[in-house]
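Structure in structure tokens, see below.
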């Protein structure tokens, strides 16, 4: 069962939401954040990327940066740019991209559910990134940014969401830059709040879609606070952390592609010939070619696109990890042919989210920065959930969710 609770959100007044809201901290660098926040003292970047308030920009892990985050969070509340709601409630957060809308419930998830594995992950986390986010949660005593969960579809919750979203939203705006629509409604009726809590109690597991480091950091800080409190009872606010939960059927994972700097000493023709041991290689010409089915890949090399189809026997359909195209390409191309064994640390490889399009792959190869590009068919939500259910971990850089959650619409205080 999934334990959740409503909470008193800290959020911007309706007329300030577009000033406060921002992209998540980890999808842009400090220079980009400084540029986006220029001339806007209400931008959430001053809290989630406070290194931009130093001249020159400070290191993200500088102790002064964490202190500045807490100082700015307090300033936002003092100035009324962020205001705490009077009542514990749930929120509905809708995102619309390319005409498709997904509706998420903003809830507080239970720290113990994360620690015991009822909140399931599909990626490994890095200790340094966990510690960075833990420091940010500690100094602010709050979950400033939500994590992104999926849950198995539930007709009762769908109906309740439909009821609220038929009315005018509290927030409704088009985000600058990406052009996606973001809306927020408040579930404030006691009966409906109880229904949400009860329905989630019948859901066996929640799944982390995006935000593994934020999830780990929030849960670990909650557990830390529990140990430090001699009067800990288990119902304190720090036992929970903020998440936006979407029905799995509404989510789409897009491709997460690779670009590589060299061919490990091989010529173009030697590389193409070596690929033929495990793939059927078909030249597609100079027009961008996108893979349209599982176990097919798109290779861009020296101005030409190629279709690669994995041969029978090179993968195991009964293995939830081995059947993934990211595994096939990692094993048979990146490792076997190119000698790239550690996707997290090898400097010869980089990763490009599919939201940028395959034109970005072509651009990086044509510029001479990279030698070749590999586009993959995206993972499905079913594959993600199956892997999480079996306790397996996906290879690095497997999933890319879009649109990203905007930050600053709702914040959760740990007291």
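The values are calculated or read from the model by the stated rules, or taken from the named source; none is laboratory data. These numbers come from a predicted model, not from an experiment. Neighbour counts run over all protein chains shown; Cβ positions are idealised from the backbone, glycine included.
Each row is one residue, and each column tells you yes or no for (1) without any contact (Cβ under 8 Å) to a residue 24 or more places away in the chain; (2) closer than 22 Å to residue 94 by Cα.
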| position | (1), (2) |
| --- | --- |
| 169 | no, yes |
| 189 | yes, yes |
| 195 | no, yes |
| 218 | no, no |
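Now, a different point. Scan segment 31-77 for residues that are surrounded by fewer than 14 Cβ atoms within 10 Å (Cβ to Cβ) and closer than 19 Å to residue 410 by Cβ and jot them down.
If the condition is that a residue be surrounded by fewer than 14 Cβ atoms within 10 Å (Cβ to Cβ) and closer than 19 Å to residue 410 by Cβ, then 74 is the only one that fits.
Which condition number does residue 220 fail, the rest of (1) over 24 Å from residue 405 (Cβ atoms); (2) surrounded by 17 or more Cβ atoms within 10 Å (Cβ to Cβ) being met?
Here residue 220 meets the rest and fails (1).
Could you tell me how many of the residues in segment 305-322 are in contact with a helix residue (DSSP H, G or I) (Cβ under 9 Å, 6 or more places away or on another chain) and either touching a residue at least 60 places away in the same chain (Cβ under 8 Å) or not in a loop (DSSP other than H, G, I, E, B) (or both)?
Final tally of qualifying residues: 6.
Within segment 189-210, identify whether any single residue is over 19 Å from residue 156 (Cα atoms), touching a helix residue (DSSP H, G or I) at 6+ places or on another chain (Cβ under 6 Å) and buried (at least 16 other Cβ atoms within 10 Å of the Cβ), and answer yes or no.
Within segment 189-210 (the criterion being over 19 Å from residue 156 (Cα atoms), touching a helix residue (DSSP H, G or I) at 6+ places or on another chain (Cβ under 6 Å) and buried (at least 16 other Cβ atoms within 10 Å of the Cβ)), the answer is yes, since at least one residue qualifies.
Sticking with this structure for a sec: Of all residues in segment 393-415, how many are outside any loop (DSSP other than H, G, I, E, B) and under 15 Å from the mean Cα position of the chain (by Cα)?
Total meeting the criteria: 3.
Another question, if that's okay. Pick out the one residue from 332, 338 that is touching a strand residue (DSSP E or B) at 6+ places or on another chain (Cβ under 8 Å) and in a helix (DSSP H, G or I).
332
Follow-up. Would you call residue 92 outside any helix (DSSP H, G or I), buried (at least 16 other Cβ atoms within 10 Å of the Cβ), over 23 Å from the mean Cα position of the chain (by Cα) and at pLDDT 95 or above?
No.
I'm checking my understanding of the structure. Among residues of segment 225-265 that are closer than 16 Å to residue 104 by Cα and assigned to a loop (DSSP other than H, G, I, E, B), which one is modelled with the highest pLDDT?
Top of the filtered list is 251.
Among (1) within 30 Å of residue 93 (Cβ to Cβ); (2) in contact with a strand residue (DSSP E or B) (Cβ under 7 Å, 6 or more places away or on another chain), there is one condition residue 225 misses while meeting the rest; what is its number?
(2)
Please go through (1) in contact with a helix residue (DSSP H, G or I) (Cβ under 7 Å, 6 or more places away or on another chain); (2) farther than 30 Å from residue 74 by Cα; (3) in a loop (DSSP other than H, G, I, E, B) for residue 344 and return the number of the only condition it doesn't satisfy.
It is condition (1) that residue 344 fails.
Follow-up question, since we're still on this one. Could you list, in sequence order, the residues of segment 184-210 that are in a loop (DSSP other than H, G, I, E, B), within 23 Å of residue 381 (Cα to Cα) and over 24 Å from the mean Cα position of the chain (by Cα)?
Across segment 184-210, the qualifying residues are 201, 202.
Determine which member of the set 128, 132 is touching a helix residue (DSSP H, G or I) at 6+ places or on another chain (Cβ under 9 Å) and at pLDDT below 95.
Criteria check complete, one pass: 132.
When only residues in segment 95-121 that are assigned to a loop (DSSP other than H, G, I, E, B) and crowded, with 17+ Cβ neighbours inside 10 Å count, which is farthest from the chain's Cα centre (by Cα)?
118
I want to confirm something. Restricting to segment 345-358 and keeping residues that are closer than 20 Å to residue 253 by Cβ and touching a residue at least 60 places away in the same chain (Cβ under 8 Å), which single residue is surrounded by the fewest Cβ atoms within 10 Å (Cβ to Cβ)?
Across segment 345-358, the extreme among qualifying residues is 351.
Here's the yes/no breakdown for (1) touching a strand residue (DSSP E or B) at 6+ places or on another chain (Cβ under 7 Å); (2) under 14 Å from residue 141 (Cα atoms); (3) outside any loop (DSSP other than H, G, I, E, B):
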| site | (1), (2), (3) |
| --- | --- |
| 51 | no, no, yes |
| 55 | no, no, no |
| 60 | no, no, no |
| 66 | no, yes, yes |
| 69 | no, yes, yes |
| 72 | no, yes, yes |
| 76 | no, no, yes |
| 80 | no, no, no |
| 87 | no, no, no |
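Still on this model: Please determine whether any residue of segment 378-392 is free of Cβ contacts under 8 Å to residues at least 60 places away in the same chain, closer than 22 Å to residue 294 by Cα, assigned to a loop (DSSP other than H, G, I, E, B) and not assigned by TED's automatic domain parsing to the domain that holds residue 104.
no
Can you report the number of residues in segment 222-235 which are farther than 17 Å from residue 116 by Cβ and in contact (Cβ under 8 Å) with a residue 24 or more places away in the chain?
Final tally of qualifying residues: 1.
Can you say whether residue 298 is in a helix (DSSP H, G or I) and either modelled with pLDDT of 95 or more or surrounded by 14 or more Cβ atoms within 10 Å (Cβ to Cβ) (or both), as far as the supplied structure shows?
Spelling it out, it is not the case that residue 298 is in a helix (DSSP H, G or I) and either modelled with pLDDT of 95 or more or surrounded by 14 or more Cβ atoms within 10 Å (Cβ to Cβ) (or both).
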